[in-house]
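Notes follow once the structure below has been shown.
The values are calculated or read from the model by the stated rules, or taken from the named source; none is laboratory data. Computed from a prediction, not measured in an experiment: that's the story for all the values here. Every residue, glycine among them, receives a Cβ derived from its backbone with ideal geometry; neighbour counts consider all protein chains shown. Remember, those area values only see protein heavy atoms, side chains included, never the ligands or the DNA or RNA. Shrake-Rupley method; radii C 1.70, N 1.55, O 1.52, S 1.80 Å.
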Amino acid sequence: MKSFDTAVRLLREGEYKKAQKILEGIVAKKPRETRALINLGVAYKNRGLLSEAIKIYLKAIELKPKSFAAYNNLANAYLEQNRFELAKENFLKAIEIKPDYAEGYGNLGVYYQTKGNKTLAKKYYNKAISFNPNLFDTLSNLSGILQIEGNNKIALELARRALEIDPDNAYACNNLANILRSIGDLDEARKCYRKAVKLDPRLAGVYANLLDLLLRLGEWGEAEKIHKKMDGLGAETPFLALRLHRDLNHHLTIARSFSTRIEGEAMRSNLRLGYWLKRKKEKIRIGYLSGNFCKHPIGFVISPIFSLHDRKMFKVFAYSYGPNDRSDVLNEIMKSVDEFVDIKGLSDAQAARKINKSRIDILIDLTGHTEGGRMGILANRPSPFQISYLGFCGTSGAEFIDYMIVDKTLVPKKEAKFYSEKLIYMPDCYQINDGTRKVSDETYTKSNLLATSKFRDAERSVVFCSFNRPFKFGRQLLGAWMKILKRVPKSVLVLWHESKTTDGNLKRFAKKEGIDPNRLIFVEGLPKEEHLSRLSVCDLALDPYEYSGGATTANALLVGVPVITVKGYSYLSRMSDSMLHSAGLSTLIAKSLNEYVTLVVALAKNKEKLAKLKRKVSTLATKSKLFNAPLFVKNLEAEYLKIMGSGKENRE
């Protein structure tokens, strides 16, 4: 059957319309030819003609009831129509007919992954691989799940195997790059992203990943080119919109488009979750939802809140879909809540049902549109009141998020129209900050902080620092920092080490600006208490004002290091403004970048004034409302009580 072989070849080449024409001719002459029917169904399905494909597959099954391939293909068509139970039923039928059918197990894994049940998805992917270790799609899918869960070692192995099978697959290149980025191999990740873009210039998601990576590497020229291409493809994420645009309406538009899609996906689960009547004597049940209850900035910042809630009035739950890193942060959170619930193995719908079953009155999301976020849980509406806090520095754009916690500096009331949520205005700073954080007993000095520097005057230098990740700043800000170093000759700048390539790019930038590259000192992470001790040695912290510091600014102020910033234009750029206002240090907020440089230089050159300022900042931990965590929680609880009394209809 030359014509049949031609049709199969055309299907492999993606020429579905041509293949369809040939196969329809074969079926017209031989209506009981099941091979032709099944392949005609493939042509229909790949052309989006799902109803026609289903009719053809059912006819093939009628003619050949033991055709596992027909059942498998029928299930895939049902899956694309969101007819989930029919899809599952037919995948299972295919496996029943052929118990070693690797593709069937792989597709059953896809079914469970589509439903959000990663645990069962992994089970069936592994089963498929046990029968056929060379299934490209299955290797890629399982690798992607493991990468999200933080199991990067096995994820990397599977992604490399998938790419060996199909070296020119853009999805496989993107998948491998994501894992390499997660483990810090940024140079290899960049190569894979570039290859993915070259292989398929229309693969929109790769551009966002590559852009994020380029910002981390300090490759701003290429980043600008990629950003322009992204705009043309409509590939911008809510996070990148905040980072790269000043237009608040643009932030809302992008966030709303993502949230609408998330809500649409949640509707597939068809959950009908009821609410409950709150009795007067019952405690209010509050749940905090996050993937970052671990060694992560959000974990560090939020951890004090749990033990400070009034247990006479509130019962506190933490719902975690993040890694169990066995860190002190995780242990502290687990001990401080009434119930710690690990939901990472549950689908969004299952997690929502579990939260709803626990009768959570107020659910606070701490992740939002950031990497690894699971807003699909909230889209299922497990709680009558849902709040966005801390994790995502902008509006969620979601109809299913009712409130957002801010303050009047972070989001002035005139900007409320750019937020889809009702805004809860905290009386002081929006961010909880703990003034009782321990600092390591190990004493740091400028000598050991700057031990790796080849700058001969390092120990006698003014030490500027910015412990923010490099993707927070660009050429304009770095240029301002170089002006500061030029005007304060005996000074150094301590920066976070992201990668060797990043360090090299920043040093080359410095050299081009006439600054000795040795005056840039790169340091790596330390345990929290040691980091705070090291940080205390610095003289001034320089805020990357366009993406201002949150935890980094709080850390500096906690150990007595003044922070200089520029007045911001959005939530993302006002986090340091908020903390400085709350601390009574608004004079450290410059009105422009030029004023920022002038202010830093003036303080650096006036040792007496700088010493006086540092003494003032050193009292904040014990005397300022900024670091009064119990007061923050008391004010927050007052807002929770207002929400509970807002009269929103409760349903049994």
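Sorting the segments 617-630, 382-395 by their mean number of nearby beta carbons within 10 angstrom, highest to lowest, gives 382-395, 617-630. The label point for K18 and the one for K225, both projected 7 Å from the Cα toward the Cβ, are 3.4 nm apart.
Identify the residues of region 527-542 with backbone N under 20 Å of a label point that sits 7 angstrom from the Cα of A451 along the Cα-to-Cβ direction, or state none. Within reach of a label on A451, which here means backbone N under 20 Å from a point 7 Å along Cα→Cβ, region 527-542 contributes 527-539.
Any of K483/K609; K483/K511; K127/K354 with alpha carbons more than 18 Å apart? Name them for me. Violating the 18 Å limit, Cα to Cα: K483/K609; K127/K354. Using a probe of 1.4 angstrom and keeping all protein chains present, the accessible surface of region 1-81 works out to 56 square angstrom per residue. When the accessible area of the chain is computed with all protein chains present and a 1.4 Å probe, what percentage of it is carbon and sulfur? Taking all protein chains in place, the chain shows 49 percent carbon and sulfur surface.
Placing unit charges on the Cβ atoms of the charged side chains and taking the dipole of the chain about its Cα centre, the candidate lying farthest along the positive direction among G504, G373, V406 is V406. For K66 and K29, the difference between the fully extended length at 0.36 nm per residue and the C-alpha to C-alpha distance is 11.0 nm. Ordering of 572-579, 31-38, 180-187 by packing is 572-579, 31-38, 180-187, highest average first (other Cβ atoms within 10 Å, averaged per residue). Rg ratio for region 431-517: its Cα radius of gyration over 2.2 N^0.38 Å, N being its residue count, equals 1.23. Think of each Lys and Arg Cβ as +1 and each Asp and Glu Cβ as -1; about the Cα centre, that makes the dipole of region 225-309 roughly 400 debye.
Per residue of the chain, the DSSP helices (runs of n ≥ 4 H) give a summed -39500 (n - 2.57) that works out to -16500 deg cm²/dmol at 222 nm. The separation of region 539-589 from region 360-393, counted between C-alpha centres, amounts to 26 Å. If a spin label sat at a point 7 angstrom from the Cα of K642 along the line to its beta carbon, the backbone N atoms of region 395-439 nearer than 16 Å would be those of 402-414, 416, 421-431.
Solvent exposure of region 389-432, expressed per residue, is 35 Å² of accessible area, with all protein chains present and a 1.4 angstrom probe. Placing pseudo-labels 7 Å out from each Cα toward the beta carbon at I165 and R508 gives an inter-label distance of 3.8 nm.
Take the cross-link list K408/K607; K115/K344; K115/K153; K414/K642; K486/K605; K123/K335 and give me the ones stretching past 24 Å between alpha-carbons. K408/K607; K115/K153; K123/K335, as the Cα separations exceed 24 Å there. Rounded to the nearest 20, the size of the Cβ-charge dipole of region 36-117 about its Cα centre is 140 debye, with Lys and Arg at +1 and Asp and Glu at -1. When the trypsin sites (Lys or Arg not before Pro) in region 449-525 are filtered for DSSP coil states and for at most 11 other beta-carbon atoms within 10 Å of their beta-carbon, the remaining sites are K454, R456. Classify region 569-652 as rounded, prolate or oblate, taking a ≥ b ≥ c as the square roots of the eigenvalues of its Cα gyration tensor: rounded when a/c is under 1.5, otherwise prolate if a/b is larger than b/c and oblate if not. Since a/c reaches 1.5 but b/c is at least a/b, the shape of region 569-652 is classed as oblate. Each label was represented as a point 7 Å from its Cα along the Cα-to-Cβ direction; for E85 and K634 these points are 5.4 nm apart.
Built from the Cα atoms of region 34-187, the convex hull projects on average onto 9.2 nm², one quarter of its surface area.
Loop-located GluC sites (Glu not before Pro) in region 493-548 (DSSP state not H, G, I, E or B) with no more than 10 neighbouring Cβ atoms inside 10 Å: E524.
Taking a straight Cα-Cα cut-off under 16 Å and skipping sequence neighbours fewer than 8 places away in the same chain, the aspartates and glutamates within cross-link reach of K438 are D328, E332, E529, E530.
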